[in-house]
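Each remark here refers to the structure printed beneath this line.
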Amino acid sequence: MRLTGLRGITAVVTGASGGIGSQVVAHLVNEGAAVAAVDITHPAVAGRWSGPEPAVASRVTRHTAHVADAAAAERILDRVEAAHGPVGLLVNVAGVLHTGPLDSLSDTAWQELLAVNTTGVLVWSTAVARRMTPHRRGSIITVASNSAGTPRAGMAAYAASKAAAVSLTLGLGLEVSSLGIRCNVVCPGSTDTPMLRRMAPDPAAVDAVLHGDPSAFRIGIPLGRLAEPGDIAAAVLFLASEQARHITLHSLYVDGGAALHG
């Protein structure tokens, strides 16, 4: 199936420097979208692009901002729309991870989880939705986590921040559905990114992710493999495409069956 509706669209991707975010940017560029790549560090886009490099470069702009900074979001969106036209797609990918028991979680870690994983989604989703409203069309996709709906030992605070992001996205989707704006969520499981490698730095930890860890009440991944960032990006592209035009308020789990989510 050939995806349609992405060529020529103006898209914004937060967390564009990360393993998943950079692949979302690369996939969108390959489909002919103009992409604003946003990150707290200068976004560097990974992956191979099709087509001549100068043509690709002209379709990607890089913007530096903290996702919880509402004023920065408005400034960036003003520049993006002036250069490329109305935003038709927002992909919230920016995220941070802090693990460990809740009773030893620092206030700083908790505030950062909420600021990036939750407030960032609120700031960018509402700012973009307001700009989409006059055009009565658009798509907002939040990359959350399968932990948002499945308890994980040592990840309760992260899961809470992602569960809030899911609820925000779907609640907004209900409010703007009559305006032709679709809001969906992609829930990855363990994905082979630098974030995962920092959390599970040794082969034994990765083996526990794949095959389960009874002491942590974790079943493992039924498909027996870690996701690659491109797997998550492909799911995002489908939900953004015309082929998903009748899909909204949906959470798509891309986790190899790890959450046993029906």
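Just a few scattered comments:
- Residues that are aliphatic (A, V, I, L, M), touching a helix residue (DSSP H, G or I) at 6+ places or on another chain (Cβ under 6 Å), within 17 Å of residue 132 (Cα to Cα) and modelled with pLDDT of 95 or more do not occur anywhere in region 18-28.
- Selected residue [at pLDDT 95 or above, crowded, with 20+ Cβ neighbours inside 10 Å and out of contact with any helix residue (DSSP H, G or I) (no Cβ under 8 Å at 6 or more places or on another chain)] from 37, 33, 68: 33
- Failed criterion for residue 171 (all others in (1) surrounded by 17 or more Cβ atoms within 10 Å (Cβ to Cβ); (2) out of contact with any Pro (no Cβ under 9 Å at 6 or more places or on another chain); (3) more than 17 Å from residue 14 (Cβ to Cβ) hold): (1)
- Qualifying residue in region 191-201 (condition: touching a helix residue (DSSP H, G or I) at 6+ places or on another chain (Cβ under 6 Å), more than 27 Å from residue 110 (Cα to Cα) and not acidic (Asp, Glu)): no
- Restricting the first member to region 98-118 and to residues that are on the phi > 0 side of the Ramachandran plot, and the second to residues that are assigned to a loop (DSSP other than H, G, I, E, B) and surrounded by 10 or more Cβ atoms within 10 Å (Cβ to Cβ), the beta-carbon pairs closer than 9 Å and six or more apart or on different chains are 100/154; 100/155.
- Failed item in (1) assigned to a loop (DSSP other than H, G, I, E, B); (2) over 24 Å from residue 195 (Cα atoms), with residue 243 passing the rest: (1)
- Output for region 225-262, where each listed residue is over 13 Å from residue 184 (Cβ atoms), surrounded by fewer than 15 Cβ atoms within 10 Å (Cβ to Cβ), in contact (Cβ under 8 Å) with a residue 60 or more places away in the chain and among the charged types (D, E, K, R): 242
- Scan of region 223-255 for residues that are modelled with pLDDT of 95 or more, more than 17 Å from residue 162 (Cβ to Cβ) and among the small types (Gly, Ala, Ser), ordered by number: 230, 233, 234, 240, 241, 244
- Yes/no for residue 93 being out of contact with any helix residue (DSSP H, G or I) (no Cβ under 9 Å at 6 or more places or on another chain) and buried (at least 20 other Cβ atoms within 10 Å of the Cβ): no
- Qualifying residues in region 127-147 (those that are of a type in the set (Val, Ile, Thr) and within 12 Å of the chain's Cα centre (by Cα)) - the one farthest from residue 163 (Cα to Cα): 140
- Test: residue in region 192-207 that is modelled with pLDDT of 90 or more and either under 17 Å from the mean Cα position of the chain (by Cα) or within 26 Å of residue 25 (Cα to Cα) (or both): no
- Per the conditions (1) out of contact with any His (no Cβ under 6 Å at 6 or more places or on another chain); (2) at pLDDT 95 or above; (3) buried (at least 20 other Cβ atoms within 10 Å of the Cβ), the sole criterion not satisfied by residue 43 is (2).
The values are calculated or read from the model by the stated rules, or taken from the named source; none is laboratory data. None of the values given here were measured: they were computed from a predicted structure. FYI the Cβ positions are ideal-geometry reconstructions off the backbone, even for glycines, and counts take in every protein chain you see.
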